[in-house]
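Each reported figure results from applying straightforward, stated rules to the coordinates on display, with no laboratory input. Quantities reported herein were computed from a predicted structural model and do not represent experimental measurements. Note that each Cβ is placed from the backbone with ideal geometry, even for glycine, and that neighbours are counted across all protein chains shown.
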Amino acid sequence: MPMNTDKLTKLPPIEVGYRIDPSLPVIPLAMQVSQAGCAAPHAHPRGQLIYASSGVMKVVCGGDIWIVPPSQAVWVPPQIEHEVYFPGEVSLCNLFIDPSASVDLPEVCTVFKVSPLLRELIVKAVQVGDSYVPGSPGYRLMMVVIDELCQAEQTELHLPMGRDERLLRVMEALLKDPGDRRDLNGFSLIAGASSRTLARLFVRETGLTFGVWRKRLLLQDAIDRLGKGQNVTSVALDLGYQSLSAFIEMFRQSLGASPGQYVRQNVG
């Protein structure tokens, strides 16, 4: 899942993320971005919900990686360092949430599934902007947005990264070429560790077995490629699947829809 960030337009941190004002629990901001990304990892006092109503974005938070399609939104808590990249055309809605209003939201980076209700609330919040006062209809709308976020279903389709150098050698090789089908025995030489040691490291540092971690990587890369308009057959072959049906079945078991259905519902 390599991404050459040198070619992306550098975006500075958004100033409203640093604005503390409990009377404005949510400050919405809509943006159109194309082939852009954060100039550097950064953190701000307000929490940030990042929702791409069209297009796919890549989020790096706490060392972990998410590929986020329009069916999902990523929550970055206050003062958590993060980076966001938009490799294509993205219609973006940000909700910057004051620390006083985010106490019931997760304390770690989290991806929420965006229900139809939450999607409409986000769109309405952007229309209201920050031109509201406590007790007004706009203020009450923002509190409903926060309530809905607190109840939103979380997704675990993120890619936790390790810290051990031996483990990172394996992860970096797979990030460069997700279609590499070597097993842990095949990675032992470049890792400088036995397959048994690598298996233990995967579970200890990511909470996932090697097989589950690689499946998440493949799913993330597939979502990224499909979001860029690549056809299902070429994606399956690039990711090392010898048959299209095996790839479709893996995708369906993991996400509850075929790749074609997923694109129509979430990316197209």
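Whole Å is fine, so just give me how far the alpha carbon centre of the stretch 69-87 lies from that of the stretch 160-214. So the two Cα centres are separated by 25 Å. Report the extension gain between Asp21 and Arg204 in nm, rounded to one decimal, defined as 0.36 nm multiplied by the number of residues separating them, less their alpha carbon distance. Separation in residues times 0.36 nm, less the Cα-Cα distance, equals 61.8 nm.
When Thr9, Thr155, Thr110 are sorted by how many other C-beta atoms sit within 10 angstrom of their C-beta, beginning with the fewest, the order is Thr9, Thr155, Thr110. Projecting label points 7 angstrom from Cα along Cα→Cβ for Asp177 and Gln265 puts them 3.4 nm apart. Across the chain, Cα-Cα pairs more than 34 Å apart make up 22 percent of the total. Counting only DSSP beta bridges with both residues in the chain, the antiparallel share comes to about 95 percent.
The stretch 107-128 and the stretch 9-52 have Cα centres spaced 15 Å apart. Along its first, second and third principal axes, ordered by size, the stretch 165-267 spans 42, 23, 21 Å in Cα coordinates. Mean residue ellipticity at 222 nm, helices only, the chain: -11500 deg cm²/dmol; runs of at least 4 DSSP H residues each add -39,500 (n - 2.57), and the sum is divided by the number of residues. Farthest towards the positive end of the charge dipole of the chain, among the residues Gly129, Phe112, Val170, is the Cα of Val170, using unit charges on the Cβ of Lys, Arg, Asp and Glu. Once backbone amide H atoms are built at 1.01 Å from N, Val114 has Gln72, Ala73 as its partners under 5 Å, excluding neighbours fewer than 5 places away on the same chain.
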